[in-house]
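Note sheet for the following structure.
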Amino acid sequence: MPYQIDNRPADARESLYFPEIFRAIGLVVTTFWRNAFFSRDPNTDILERDRTRNRVTTLQYPEEKQPYPAGYRGLHRLVPRPDGSPRCVACYMCATACPAQCIFIEAAEVEGDPIEKYPKQFVIDELRCVVCGFCVEACPKDAIRMDTGEHPPPTYEREGQIYDIRRLLRGAPVSYEKDPWLVRPSKLTDAAQKANRAAARPYGTAGSDEYSQTPGFSVRELTAEARARGEGGK
Amino acid sequence: MKRFVGMWLVIGAVLVGLVGLFYAFYALAALGAKGAVALGFPGFYGSAIVNAVTLMAVTLMTVAALLTVAERKWSAAMQDRIGANRILVGGKFALGGVPYLLADALKMLTKEAIYPVARSRFLFEAAPVLAFAPTFALFAVVPVGPEVRALGQTVGMWVANPDAGLLWVFALAGISVYGTTLAGWASNSRVGMLGAVRASAQMISYEVSLGMSLVGVMIAYRTVSLQQMAIAQGADVLGPIPALGLLLQPLGFLVFFTSSFAETKRAPFDLPEGESEIVGYFLEYSGMKFGLLFLAEFVEVVILAAVTTAVFLGGWHPIFFEGWLKANLDPMLFGAVCAAAFLGKLILLTWIQLVIRWLLPRFRYDQIQGLCWKLLLPGAILNVFVTGAAVLVDPSLQVLAWIGVAEIIAIFGITLAVSKPKAAHGGHDHGDAHGHAAHAAGH
Ligand code: SF4
Ligand code: SF4
């Protein structure tokens, strides 16, 4: 218990009233001195801040963001393959699992392939989404994730909150050993692959290993690799 | 560490800037005096008119306006916050929140003025002016700088130098209660009226102790002219220590500062505008009329600091190295340094007022009256008698200074003598926290 209020009657000194005020003025002046004359530790983890001199705990929000806890469900993204096309195979699992029914998928067949489908259109209405994460759980291809560590940014129009595939498909590509497209060559031309990668919006700022939901998978490393290859991503 | 150095650089730059500014003001005043002489009037007519512009319209209003920024930033520093810094000039520089001043002014000026239907038409318009004008005019008698010879003229840094300086202060402080009272009454709102009644009761009570607290100073310096008082405070009394009002009259200072704090109607004495209960006497005001009432409060803060500086903190005396400065500097520059010292003290005092304003919660009504009548007024009366006796015994003020030293030591001692918290004995309500006249005598 940090503050214990001692409700005793004031003693003679306290009844004079002014001495206690002087003491309190000293306290406030010290605080002022510390905060005005020393700079703030901008560590976003406020509990870790060095508050020996400046005691300010403010987080300058849009410029400084606090790291979210592990497993934070941020804005959705559609995970790309290394060639930039979505991992999604338009199986409708996520749309079926979604309790808010806010995922719309228009499937199309991959040309020359009798089985594989891809999402021609993939739309999430972020205003209806209840951020439950069921879509992520339901996906058999690890194609939809909420690991961006971002909120849906505010918009002036409702339409702005409806995310289609162009806005969803972004971030570091993900690959697994047994992914079928790794054993057969990509159907996309090199130029198309490059264009795909360039078109994908760069990955958000707050993404880090904590947010990745696959053990052993490092968004940070993949982002760094992508950057080394000279592709988008901050 | 960079910030530490930077802050001191800023403070230094402000002081140097003030010296430069007042150098220019002295020059302007001298030019004004010259012009008046050329037209066949006494020289001080011209310098008074120029000073009215430079001191009252420029210096006072700038300081008062900057106080709105200071209120944000300083209070933030006192409360472990950062304070207003979202207006970025050039997308980058917050400039210490100063641009908020412009935003504030723009807001006040362009806001819609709403008029209550049942208002008293004339008084509703007149009240903000009545609240603002007397406090503003108070600054006229404040001696900001010494009298020096500049450009062949003898000019002083004050607008008026009436012999009845302090009485002018009392008179105008007394009038300013009309503004608030009429504001509440003319808006024909019960709640506004409540605020006005509270304001008048509070201000009239505190005027008594305000007046009493300065009687000691008048006795000690044998004058009521603020200019004479400022000069008298330069004389050495205890060895090299000058006869500052603070040294001679610590108790008087305490009572005066507290009473004038109550006159400004700001927290902890902001009962007339208790937002959580009655909003206050300016409830019905909006737009720039509210702005004027609001500004009057800030001007009052500056005035209070100015009068306190002039009476208790040695006026324009820089105190340190004064002899050297006087001997080595060109008189105009010496005057400018003195005036800058005055402004420095003034800013320090406004800062202390803000500290207190953000430190203490609002008093209850009976606590306000109790503090005034049971603690401050007896203290002030005691001070008058002690001062009178001391001056009677020793007109060279030495005895008074020693009494002052003893008082300061006593205040320090009592402040530092923090008793160990005793074992709590249950939830015993102690109600009135301070009103003990018996202890005031021992103070
Ligand atoms: S998080 Fe939940 S509500 Fe939002 S899209 Fe996924 S399944 Fe639907
Ligand atoms: S995101 Fe996953 S679950 Fe949803 S359609 Fe694509 S592959 Fe299926």
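The figures follow:
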| read-out | value |
| --- | --- |
| Qualifying residue in the range B:8-20 (condition: farther than 25 Å from residue A:32 by Cβ, in contact (Cβ under 8 Å) with a residue 60 or more places away in the chain and of a type outside the set (Val, Ile, Thr)) | yes |
| Breaking point among (1) farther than 30 Å from residue B:195 by Cβ; (2) at pLDDT 90 or above; (3) surrounded by 23 or more Cβ atoms within 10 Å (Cβ to Cβ), for residue B:336 | (2) |
| Unmet criterion (only one of (1) near ligand 1 (Cβ under 10 Å from one of its atoms); (2) in contact with an Asp or Glu (Cβ under 7 Å, 6 or more places away or on another chain); (3) of a type in the set (D, E, K, R)) for residue A:126 | (2) |
| For residue B:341: the one exception among (1) out of contact with any helix residue (DSSP H, G or I) (no Cβ under 8 Å at 6 or more places or on another chain); (2) part of a helix (DSSP H, G or I); (3) surrounded by fewer than 24 Cβ atoms within 10 Å (Cβ to Cβ) | (3) |
| Options B:371, B:348; residue that is out of contact with any strand residue (DSSP E or B) (no Cβ under 6 Å at 6 or more places or on another chain), within 14 Å of chain A (Cβ to nearest Cβ) and either open to solvent by 40 Å² or more (accessible area, probe 1.4 Å) or at pLDDT below 85 (or both) | B:348 |
| Yes/no for residue A:72 being within 16 Å of ligand 1 (Cβ to nearest atom) and outside the structural domain of residue A:128 (by TED's automatic domain parsing) | yes |
| Flag for residue B:195 being more than 30 Å from residue B:390 (Cβ to Cβ) and surrounded by 23 or more Cβ atoms within 10 Å (Cβ to Cβ) | yes |
| The one condition in (1) open to solvent by 10 Å² or more (accessible area, probe 1.4 Å); (2) under 30 Å from residue B:203 (Cα atoms); (3) modelled with pLDDT of 85 or more that residue B:383 fails to fulfil | (1) |
| Qualifying positions in the range B:62-78 - more than 8 Å from every other protein chain (Cβ to nearest Cβ) and not aliphatic (A, V, I, L, M) | B:62, B:68, B:71, B:72, B:73, B:75 |
| From the options B:402, B:358, residue that is under 20 Å from residue B:260 (Cα atoms), assigned to a helix (DSSP H, G or I) and open to solvent by 80 Å² or more (accessible area, probe 1.4 Å) | B:358 |
| Residue among B:109, B:102, B:151 that is surrounded by fewer than 21 Cβ atoms within 10 Å (Cβ to Cβ) and at positive phi | B:151 |
| Of residues in the range A:126-157 being of a type in the set (A, V, I, L, M) and in contact with a helix residue (DSSP H, G or I) (Cβ under 7 Å, 6 or more places away or on another chain), the one surrounded by the most Cβ atoms within 10 Å (Cβ to Cβ) | A:144 |
| Hey, residue A:29 more than 30 Å from residue A:140 (Cα to Cα), within 10 Å of another protein chain (Cβ to nearest Cβ) and in a loop (DSSP other than H, G, I, E, B) or not | no |
| Candidates A:106, A:14, A:64 - the one that is touching a Ser or Thr at 6+ places or on another chain (Cβ under 9 Å), over 30 Å from residue B:12 (Cα atoms) and not in a loop (DSSP other than H, G, I, E, B) | A:14 |
| Conditions (1) surrounded by fewer than 18 Cβ atoms within 10 Å (Cβ to Cβ); (2) within 11 Å of chain B (Cβ to nearest Cβ): number failed by residue A:72 | (2) |
| Only one of A:79, A:123 that is aliphatic (A, V, I, L, M), surrounded by fewer than 21 Cβ atoms within 10 Å (Cβ to Cβ) and either within 20 Å of the chain's Cα centre (by Cα) or within 13 Å of ligand 2 (Cβ to nearest atom) (or both) | A:123 |
| Test: residue in the range A:39-54 that is over 26 Å from the mean Cα position of the chain (by Cα), surrounded by 17 or more Cβ atoms within 10 Å (Cβ to Cβ), within 8 Å of chain B (Cβ to nearest Cβ) and within 30 Å of residue B:12 (Cβ to Cβ) | no |
| Filter result for residue B:433 (within 12 Å of another protein chain (Cβ to nearest Cβ), modelled with pLDDT under 60 and loosely packed, with under 15 Cβ neighbours inside 10 Å) | no |
| Conditions (1) more than 22 Å from the chain's Cα centre (by Cα); (2) within 14 Å of chain B (Cβ to nearest Cβ); (3) of a type in the set (A, V, I, L, M); (4) in a loop (DSSP other than H, G, I, E, B): number failed by residue A:90 | (2) |
| Failed item in (1) part of a helix (DSSP H, G or I); (2) over 21 Å from the mean Cα position of the chain (by Cα), with residue A:99 passing the rest | (1) |
| Matching residues, the range A:1-17, being within 27 Å of residue B:354 (Cβ to Cβ), within 7 Å of another protein chain (Cβ to nearest Cβ) and of a type outside the set (Ser, Thr, Tyr) | A:10, A:13, A:16 |
| Criterion: buried (at least 24 other Cβ atoms within 10 Å of the Cβ), in contact (Cβ under 8 Å) with a residue 60 or more places away in the chain and over 20 Å from residue B:46 (Cα atoms) - qualifying residue of B:145, B:179 | B:179 |
| Qualifying residue in the range B:69-90 (condition: among the acidic types (Asp, Glu), in contact with a helix residue (DSSP H, G or I) (Cβ under 9 Å, 6 or more places away or on another chain) and part of a loop (DSSP other than H, G, I, E, B)) | yes |
| Members of the range A:84-123 that are more than 16 Å from ligand 1 (Cβ to nearest atom) and of a type in the set (Gly, Ala, Ser) | A:84, A:85, A:107, A:108, A:112 |
| Boolean, residue B:228 is open to solvent by less than 10 Å² (accessible area, probe 1.4 Å) and closer than 30 Å to residue B:318 by Cβ | no |
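The values are calculated or read from the model by the stated rules, or taken from the named source; none is laboratory data. What you see is a predicted model; the values in this text were computed from it and never measured. Quick reminder, even Gly has a Cβ in these numbers, built from the backbone with ideal geometry, and neighbours come from all protein chains shown. To get the accessible areas, we keep the full protein, side chains included, count just its heavy atoms, and leave off ligands, DNA and RNA. Shrake-Rupley method; radii C 1.70, N 1.55, O 1.52, S 1.80 Å.
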